[in-house]
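The values are calculated or read from the model by the stated rules, or taken from the named source; none is laboratory data. Not measured: the values here are computed from a predicted model. Positions of Cβ are backbone-derived with ideal geometry, glycine not excepted, and every protein chain shown enters the neighbour counts. When the accessible area is computed, the model is the full protein with side chains, heavy atoms only, and any ligands, DNA or RNA have been set aside. Shrake-Rupley method; radii C 1.70, N 1.55, O 1.52, S 1.80 Å.
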Amino acid sequence: MIDVTGLPVAAGGAVTVRVPAKVNVRLAVGPPRADGFHDLVNVFHAVSLYDDVTAAEPVEPGAYSVRVTGLSADQVPLDGGNLAVRAARALAAHAGRAYGADLQIRKAIPVAGGMAGGSADAAGALVACNELWGLGLTREELMEIGGDIGSDVPFALLGGTAVGTGRGERLAPAEVGGRFHWVFALAEGGLSTAEVYATCDRLRAEAGVTAGPPRANAALMEALRAGDAAALGRELANDLQPAALALMPGLAGVLAAGRERGALGAIVSGSGPTCAFLTGSAAEAAALAAGLEAAGVCRAALTAYGDVPGAAVVAAAP
Ligand code: ATP
């Protein structure tokens, strides 16, 4: 079967959406706000590691269920705490209807890895259920609903490269002049995003540092616009990195191993513990990934490129 978009159609009234992971090429963190969040200047970059979220009619009317397969699937909650389920419920509440859905998630984005895998699944569920239920909401409307589920959800819907301000949910698309080739070194275990932010605040307090408002970086934006990997590598910055390294000291060795093997830039991805390395080509990325795996410094090293589009339907049946 082929749907109107010319894409292969999933069996039996189901919609499959593919959603990318993100790496933050800049993550500037301000002081904690009264609401517990931090003001950020967060430059998101969507990369070609994808989760697939399929939404189908519920087994029981009005019920929500979720199944998860793939990378570290056993670490993903299967109850109402699953971000895809929360997103589907939020969409149904927005529509004022008792829909229900059977969700299936195939994970390739590391869980609790600082690459916004849970947010990707929430975004995937919003797009898939919007289609399954025939709601016809725009991407902007879905971004609005997604922002209440998690700060990274709107970007998973938008994709590409974008500057996030506020707690990261207010997005301005950024121009990118070329394809960037990345290696992602996966760690054993994950880091809690909340714990990493709390550690960032504690380290600053102990050092007597008062964080100013987070700022953009013109050189970084120019490197993106020019498609200049060497310049982008020099400008990568993550204010959460000292906290991630304090919680998982072994990550310093992973970053050093990548730099020694010629990475143009090395950074902890978001709240970690995944480490991201920028290289000059697909061949360099493959060689670096093989080198890191051979050195035994990580659980696995994956190659990917960016940027890529946000959540998109890849298969649908009416
Ligand atoms: P971020 O980069 O946005 O800080 P992350 O990539 O570090 O997030 P996630 O993979 O999003 O982390 O998972 C964080 C936690 O959210 C997990 O430990 C898990 O318990 C929970 N979670 C809920 N739903 C999901 C989901 N669908 N996929 C992954 N984790 C989920």
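For the reader, a short list of remarks on this structure follows.
- For the chain, the fraction of alpha-carbon pairs in successive 10 Å shells from zero, as %: 6, 27, 34, 23, 8, 1, 0
- Per-residue accessible area (protein heavy atoms, 1.4 Å probe) orders Thr193, Thr279 as Thr193, Thr279, starting from the largest.
- The chain: most fluctuating residue of Thr16, Thr69, Thr54 per GNM, C-alpha cutoff 10 Å: Thr69
- Highest mean packing comes first when the peptides 174-182, 266-274, 85-93 are listed by Cβ atoms within 10 Å, giving 266-274, 85-93, 174-182.
- Burial ranking of peptide ranges 119-126, 284-291 (average Cβ count within 10 Å, highest at the top): 119-126, 284-291
- The Cα center of segment 30-83 and the Cα center of segment 159-197 differ in position by 15 Å.
- Ranking Leu78, Leu255, Leu132 from most to least accessible surface, computed with a 1.4 Å probe over the protein chains only, gives Leu78, Leu132, Leu255.
- Among Gly70, Gly164, Gly208, residue whose mean-square fluctuation peaks in a GNM of the chain (springs only between Cα atoms under 10 Å): Gly208
- Using a probe of 1.4 Å on the protein chains alone, the accessible area found for Arg225 is around 100 Å².
- Heavy-atom accessible area with a 1.4 Å probe sorts Ser192, Ser72, largest first, into Ser192, Ser72.
- Accessible area per residue, Å², the chain with all protein chains present, probe 1.4 Å: 41 Å²
- Extreme residue, positive dipole direction of the chain, given options Leu142, Ser271, Ala73 (C-beta unit charges): Ser271
- Tensor-based shape of segment 180-305 (alpha-carbon gyration tensor, a/c under 1.5 rounded, otherwise prolate or oblate): oblate
- Accessible-area composition of segment 180-305, carbon plus sulfur, in percent [1.4 Å probe]: 55 percent
- For segment 18-133, a crude dipole built from +1 on the beta carbon of Lys and Arg and -1 on the beta carbon of Asp and Glu, taken about the Cα centre, is about 280 debye to the nearest 20.
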